[in-house]
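The structure appears right after this line, and notes come after that.
The values are calculated or read from the model by the stated rules, or taken from the named source; none is laboratory data. Keep in mind it's a predicted model, so treat the numbers as computed, not measured. Quick reminder, even Gly has a Cβ in these numbers, built from the backbone with ideal geometry, and neighbours come from all protein chains shown.
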Amino acid sequence: AQSVTQLGSHVSVSEGALVLLRCNYSSSVPPYLFWYVQYPNQGLQLLLKYTSAATLVKGINGFEAEFKKSETSFHLTKPSAHMSDAAEYFCVLSNAGGTSYGKLTFGQGTILTVHP
Amino acid sequence: DGGITQSPKYLFRKEGQNVTLSCEQNLNHDAMYWYRQDPGQGLRLIYYSQIVNDFQKGDIAEGYSVSREKKESFPLTVTSAQKNPTAFYLCASSKVDIRDGYTFGSGTRLTVV
């Protein structure tokens, strides 16, 4: 079975500080991994994705994530937080084959708060 | 611009009623999905469809039904058998190759009154 664990349901940072949102996964096959962002009462927007190419992936709005197979992690970072980054972030895993083809497993989400 | 349209944005249902949530996409995606979102529980898969006229139950299909008569459309019916339907419902679509991820609609908030 595959799973995603996001460490910390709430993260608070000051504007201009480093953003680090942690994600660990479990998968029996090579995974595809994604980070999505959700603003209140809206759908989810894709930030970035790892699909077995470069292990350091860059996304929109200055976010990036590094795939570390040895640590089964895919943490999301941004060097300097903006007020507009306040939202909920989801780490998402896809089992790339088998009967679960195309289905995603979502982490529980991390709400990011940015203080002035 | 291509995308997914969910309607209505807000929906109120009386107990014992069935309601249908609309989801339409013009991305030419083969696969479509319905998720339910509750605070603190992440997203849970209700139903998904990878091809017209075929769909599979997800993790929480009880009390819900779907149809996929057209590639562009994947409506979800919340039946009176669903004991706790108040939630935020998200529709998504994808290519069969999942490497591009999902595209999500903007959601429908359903409230039982």
* B:Arg13 is checked against (1) more than 14 Å from chain A (Cβ to nearest Cβ); (2) free of Cβ contacts under 8 Å to residues at least 60 places away in the same chain; (3) more than 14 Å from the chain's Cα centre (by Cα) and fails just one. What number does that condition carry? -> (2)
* What is the residue count in the stretch A:14-29 for residues that are assigned to a loop (DSSP other than H, G, I, E, B) and at pLDDT 95 or above? -> 4
* Structure fact -> The condition from (1) more than 28 Å from B:Ser7 (Cβ to Cβ); (2) among the aromatic types (Phe, Trp, Tyr); (3) in contact with a Leu (Cβ under 7 Å, 6 or more places away or on another chain) that A:Phe34 misses is numbered (1)
* Structure fact -> In the stretch B:53-86, anything of a type in the set (Ser, Thr, Tyr) and in contact (Cβ under 8 Å) with a residue 40 or more places away in the chain is listed as B:Ser73, B:Thr77, B:Thr79, B:Ser80
* Restricting the stretch B:74-113 to residues that are surrounded by fewer than 16 Cβ atoms within 10 Å (Cβ to Cβ) and away from chain A (no Cβ under 14 Å), which is nearest to B:Gln50 (Cα to Cα)? -> B:Thr77
* Matching entry among B:Ala81, B:Ala92 (being more than 27 Å from A:Val57 (Cα to Cα) and either out of contact with any His (no Cβ under 7 Å at 6 or more places or on another chain) or hydroxyl-bearing (Ser, Thr, Tyr) (or both)) -> B:Ala81
* So B:Leu43 clears everything in (1) surrounded by 15 or more Cβ atoms within 10 Å (Cβ to Cβ); (2) over 10 Å from the mean Cα position of the chain (by Cα); (3) touching a residue at least 60 places away in the same chain (Cβ under 8 Å) except one condition, right? Which one? -> (3)
* Using the structure shown, decide if B:Ala31 is at pLDDT below 95 and of a type outside the set (D, E, K, R). => yes
* Those residues of the stretch A:1-25 which are at the interface with another protein chain (Cβ under 10 Å from one of its Cβ atoms) and closer than 30 Å to A:Pro116 by Cβ, in sequence order -> A:Gln6, A:Ser9
* Which of the residues spanning the stretch A:26-62 are among the hydroxyl-bearing types (Ser, Thr, Tyr), more than 15 Å from A:His82 (Cβ to Cβ) and within 14 Å of another protein chain (Cβ to nearest Cβ)? -> A:Ser27, A:Tyr32, A:Tyr36, A:Tyr50, A:Thr51, A:Ser52
* To do: Filter the stretch B:10-30 down to residues that are surrounded by 12 or more Cβ atoms within 10 Å (Cβ to Cβ) and over 13 Å from B:Lys71 (Cα atoms), then give me how many there are.
  => 9
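Conditions (1) in a loop (DSSP other than H, G, I, E, B); (2) over 21 Å from A:Gly43 (Cα atoms), marked per residue:
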| residue | (1), (2) |
| --- | --- |
| B:Phe12 | no, no |
| B:Gln17 | yes, yes |
| B:Tyr35 | no, no |
| B:Gly40 | yes, no |
| B:Leu45 | no, no |
| B:Ala81 | yes, yes |
| B:Thr111 | no, no |
* Structure fact -> When the stretch B:19-33 is checked residue by residue, the ones that are more than 9 Å from chain A (Cβ to nearest Cβ) and either hydrophobic (A, V, I, L, M, F, W, C) or assigned to a strand (DSSP E or B) (or both) are B:Val19, B:Thr20, B:Leu21, B:Ser22, B:Cys23, B:Glu24, B:Gln25, B:Leu27, B:Met32
